[in-house]
Amino acid sequence: YLLRPPSVPCSLFYPPSLPDPLLFCPQNFSFHLPPFLFIILAQFDAAGKEVPDFEYTPRSIAHLYNLATVSQAKTQAANIVANDFRQKAAEYRSQAARIREILENVGLAQESLPSNVVASAQVLANVANLLNIRDTELSSFLVAMGDISLRKTGVDEKRAKVHKESKTLLEYTRKAIARLTYLKRTLAQLEDDVAPCDAQMENWKTNLGVMASKERQYMQQYNNYRALQNRVGYTPEINHGVLVEMAEHRKDLEKKTKPILDTLRSYQDLPPDKALAALAIEDKKRQYAAAEKYLEDVLQSALATSD
């Protein structure tokens with residue numbers, strides 16, 4: 001009573017089928033065991049086994065109480081079923097005695113029957129037990145045979161289903177084996193290609209180093225060319241198209257200035273008249289300045305068009 005677990009109420013700790021809990025108090029006995037432990041001890045004693053040693057804790061006692069409760073319930077159920085079976089056995093024995101007496105009265109006792117009739121009766125009894133029938137009616141036999149036929153049909157359907165599933169699994173297994181074989185072959189091929197790929201990678205690595213050095217060389221040359229262009233005054237606005245345009249304008253200007261240059265050269269044959277020479281020189285200077293201004297305007301317009 002002192003070892004009752006906190007989770008087990010006092011009313012449940014002592015089952016109603018047991019005597020009064022006060023009879024099991026420490027002052028009445030020299031040991032401190034809960035009452036339901038006596039049930040467990042009695043079970044071990046009936047089985048001829050010793051009770052194993054274990055520590056009496058609240059958890060173990062609660063577990064033992066649950067075991068004892070379940071054991072009592074199952075024992076009571078087993079006793080009820082056993083009593084029912086005993087009653088049915090007694091009824092069957094009395095019915096067998098009555099039928100035997102009737103058979104003996106009509107001269108159909110088992111001892112007086114031929115051996116083939118006894119064997120047939122035994123076969124009939126075995127079939128009745130197999131079909132789980134308890135009478136000799138044809139309807140019961142037909143119903144039992146129909147039940148067996150239904151069970152056989154169900155078993156055949158399940159067998160066909162299992163056979164179909166087995167075929168499907170077998171097909172999946174074959175495909176998996178084929179796939180595994182293909183993967184193994186691919187793996188072996190890849191392992192064989194490792195060495196050539198490593199050599200090719202090394203070649204690519206060497207070529208990459210050469211290309212990197214060439215890139216640095218080309219970048220250095222590019223920077224040198226850019227510095228040279230900056231020194232000579234090259235700007236991005238001066239491209240090939242602009243230069244071609246300027247060359248065409250230069251040709252046009254040369255065509256326009258050529259007559260003026262020819263005229264200036266013809267002045268060299270003039271008489272040395274200072275006044276006339278000064279006048280001619282001033283006229284040619286104006287024409288030359290006008291030509292230079294026209295050339296500058298053309299160049300500026302060409303640059304503006306390229307922008």
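The values are calculated or read from the model by the stated rules, or taken from the named source; none is laboratory data. Bear in mind the structure is a predicted one, so any value in this text is a computation, not a measurement. Please note: Cβ atoms are built from the backbone with ideal geometry, for glycine as well, and neighbour counts cover all protein chains shown. Calculation scope for accessible area: heavy atoms of the full protein, side chains included, ligands and nucleic acids excluded. Shrake-Rupley method; radii C 1.70, N 1.55, O 1.52, S 1.80 Å.
Odds and ends about this structure:
- Subset tally (residues that are within 18 Å of Tyr92 (Cα to Cα), open to solvent by less than 80 Å² (accessible area, probe 1.4 Å) and charged (D, E, K, R)) for segment 127-147: 1
- Taking the criterion of being of a type in the set (A, V, I, L, M, F, W, C) and closer than 18 Å to Leu124 by Cα, the residues of segment 142-161 that qualify are Leu142, Val143, Ala144, Met145, Ile148.
- Test: residue in segment 159-171 that is surrounded by fewer than 10 Cβ atoms within 10 Å (Cβ to Cβ) and among the hydrophobic types (A, V, I, L, M, F, W, C): no
- Glu248 passes every criterion in (1) open to solvent by less than 90 Å² (accessible area, probe 1.4 Å); (2) closer than 30 Å to Tyr294 by Cα; (3) acidic (Asp, Glu) apart from (1).
- Cβ separations smaller than 6 Å between residues 6+ apart or across chains give the following pairs from segment 83-107 residues that are open to solvent by less than 90 Å² (accessible area, probe 1.4 Å) to residues that are outside any helix (DSSP H, G or I): Leu103/Ala109.
- Scanning segment 172-198 for residues that are of a type outside the set (Lys, Arg) and open to solvent by 80 Å² or more (accessible area, probe 1.4 Å) yields Tyr172, Ile177, Leu180, Tyr182, Leu183, Leu187, Gln189, Leu190, Glu191, Asp192, Asp198.
- Lone qualifier among Tyr234, Tyr222 - being open to solvent by 100 Å² or more (accessible area, probe 1.4 Å) and either at positive phi or modelled with pLDDT under 95 (or both): Tyr222
- Breaking point among (1) farther than 30 Å from Val143 by Cβ; (2) hydrophobic (A, V, I, L, M, F, W, C); (3) open to solvent by 100 Å² or more (accessible area, probe 1.4 Å), for Leu124: (1)
- A residue that is of a type outside the set (Val, Ile, Thr) and either within 27 Å of Ile40 (Cα to Cα) or in a loop (DSSP other than H, G, I, E, B) (or both) occurs somewhere in segment 120-134.
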